[in-house]
Amino acid sequence: MPIQIVDIHQNNRYLHRDRGFMVVSDKEQEIGRTPLDELAAVIASGYGITHSSNLLAALAERNVPFVLCNSSFQPVGMLLATDGNYHQAKRITGQLNVRKTLPKRLWQTIVQSKLEMQATVLAY
């Protein structure tokens, strides 16, 4: 059962796969390793992080998302498995085919709900 979310926030790290492990290195020196089967997610938020395609393929095979962050540590991209994951493909297709008015209506509902909750708190 996947239990670890690994956040690589140090700069200039190299991530690669070695047998059944994700290995984190800094200039030829291994810093740490984690079994691939125990990973729930990998977040790359440091500057200058490099990674091997073998690692990314191994993560995708295990349905472990690989999240890329920008310089302000905000997620900007994600690698997700597509093979055999029809639920995810169906969800993405549905999001692409949504009408332009739906997101506006959903946002309107969220704002209305927030205002109603604030009014409830003020009344209390």
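The values are calculated or read from the model by the stated rules, or taken from the named source; none is laboratory data. Quantities reported herein were computed from a predicted structural model and do not represent experimental measurements. Heads up, the Cβs are rebuilt from the backbone with ideal geometry, glycines too, and the neighbour counts pull from every protein chain shown. Ligands, DNA and RNA are excluded from the accessible area calculation, which covers all protein heavy atoms including side chains. Shrake-Rupley method; radii C 1.70, N 1.55, O 1.52, S 1.80 Å.
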Check: Among the lysines, which fall within straight-line cross-link reach of K114, defined as a Cα-Cα distance under 26 Å, with same-chain neighbours fewer than 8 residues apart omitted?
Finding: K100, K104
Notebook entry, point to check: Taking the Cα centre of segment 1-46 as origin and charging only Cβ (+1 Lys, Arg; -1 Asp, Glu), how large is the dipole, in debye to the nearest 20?
Noted result: 80 debye
Item checked: segment 19-95, accessible surface, carbon-and-sulfur percent (1.4 angstrom probe) -> 52 percent
Notebook entry, point to check: GNM, the chain, Cα, under 10 Å: largest mean-square fluctuation among R91, R33, R99?
Noted result: R99
Check: What does the charge dipole of the chain about its Cα centre add up to, to the nearest 20 debye, if the Cβ of each Lys and Arg holds +1 and the Cβ of each Asp and Glu holds -1?
Finding: 760 debye
Check: Excluding ligands, DNA and RNA, what is the solvent-accessible area per residue of the chain at a probe of 1.4 Å, expressed in Å²?
Finding: 77 Å²
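Can you give the relative contact order of segment 27-74 as a percent, counting alpha carbon pairs under 8 Å and 6+ residues apart? Could the numbers behind the result be given before it?
Numbers: 34 pairs, mean separation 22.8, N = 48.
Rounded, it is 47 percent for segment 27-74.
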Notebook entry, point to check: Roughly how tilted is helix 86-96, in degrees to the nearest 10 and between 0 and 90, from the longest Cα axis of the chain?
Noted result: 50 degrees
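In whole angstrom, how long is each semi-axis of the equivalent ellipsoid of segment 7-124, when you take the square root of 5 times every eigenvalue of its Cα gyration tensor and sort them from largest down? Each step should come with its number before you reach the end.
Details: eigenvalues 277, 83, 34 Å².
The equivalent ellipsoid of segment 7-124 has semi-axes of 37, 20, 13 Å.
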Notebook entry, point to check: For the residue pair R91 and E38, what label-to-label distance in nm results when each label sits 7 Å from Cα along the Cα-to-beta-carbon direction?
Noted result: 2.6 nm
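For K100 and L80, FRET efficiency with R0 = 25 Å and r from the beta-carbon atoms, rounded to 0.05?
Values: r = 25 Å, r/R0 = 1.00.
For R0 = 25 Å, the calculated efficiency reads 0.50.
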Check: Which angle between 0 and 90 degrees, to the nearest 10, do you get for helix 101-123 versus the longest principal axis of the chain when only C-alpha atoms count?
Finding: 70 degrees
